[in-house]
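What follows is a set of notes on a single structure, which appears directly below.
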Amino acid sequence: MKNFLNEFKKFAMRGNVIDMAVGIIIGAAFGKIVTSLVEDVMMPPIGLLMGKVDFSDLKIVLTDDVAIRYGTFINALISFVIVAFAVFLLIQSINKLQEKMTAKDAAAEAAEPTTKTCPYCYSEISIHATRCPHCTSELNKE
Ligand SMILES: [Zn+2]
């Protein structure tokens, strides 16, 4: 049992597990907000325009207790599209940020090298050296 707890602790303490948990919690909260946005804010005026239709009430009644509630399904579909679009925007902005950062790194790397490798002893030496400080070989100016 103790072993199991230790394993679980190791698993839970890994950074990505915590990140994932935060993501799921935020995602669930965000999903609720979008659901409310669709059902409580967006659909009532649209329903009004379509002739006072309440989307969550739209259904095909089969028997007294059974109905196909396609209005609720439409609400869920619209919620999904909004969530998918928000996630798309989020991922796009993260990708752009990452691209910018890697471009910056590449630019920093491409900037003037400050060292070169001695062709005789393969030590790293100053780019301006005319004589290797390690093996004292004379170096040709490049
Ligand atoms: Zn050398």
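Sort Ser56, Ser79, Ser93 so the one with the fewest other Cβ atoms within 10 Å of its own Cβ comes first. List each step's numbers first, then the result.
On the way: Ser56 16, Ser79 20, Ser93 10.
Arranged by neighbour count, lowest to highest, Ser56, Ser79, Ser93 become Ser93, Ser56, Ser79.
To the nearest 0.05, what FRET efficiency results for Glu99 and Ile26 with a Förster distance of 25 Å applied to their C-beta separation? FRET efficiency, Glu99 to Ile26: 0.55.
Result for the chain in a Gaussian network model with C-alpha springs under 10 Å: among Val66, Val53, Val87, the largest mean-square fluctuation is at Val66.
DSSP loop trypsin sites (Lys or Arg not before Pro) in region 1-33 with at most 11 other Cβ atoms within 10 Å of their Cβ, which ones?
On the way: sites: Lys2, Lys9, Lys10, Arg14, Lys32; in loops: Arg14.
Sparse-neighbourhood loop trypsin sites (Lys or Arg not before Pro): Arg14.
Taking label points 7 Å from Cα along the Cα-to-Cβ direction, Ile60 and His134 give a separation of 7.9 nm.
The label-point distance for Thr114 and Ile33, in a model that sets each label 7 Å from Cα toward Cβ, rounds to 4.5 nm.
Stretching the chain fully between Phe80 and Glu7 yields a gain of 22.6 nm (0.36 nm per residue, less the alpha carbon separation). Which of Leu49, Leu77, Leu37 ends up with the largest GNM mean-square fluctuation for the chain, with Cα atoms connected below 10 Å? Maximum among the listed residues: Leu49. Both radii were evaluated on the Cα set of the chain; the Rg over Rh quotient, with Rh as the Kirkwood radius, amounts to 1.40. In region 2-111, if the dipole is taken from +1 on Lys/Arg beta carbons and -1 on Asp/Glu beta carbons about the Cα centre, which of Asn3, Ser36, Met101 is farthest to the positive end? Farthest towards the positive end: Asn3. Rounded to the nearest 20, the Cβ-based charge dipole of the chain about its Cα centre (Lys and Arg +1, Asp and Glu -1) stands at 360 debye.
In a DSSP loop and with at most 11 other Cβ atoms within 10 Å, the chymotrypsin sites (Phe, Trp or Tyr not before Pro) in region 43-142 are Tyr122.
Bear in mind that the values in this text are calculations on the coordinates, not laboratory data. The structure presented is a predicted model; accordingly, all values stated were derived computationally and were not measured. Using ideal geometry, Cβ is built from the backbone for each residue, glycine included, and neighbour counts are taken over all protein chains shown.
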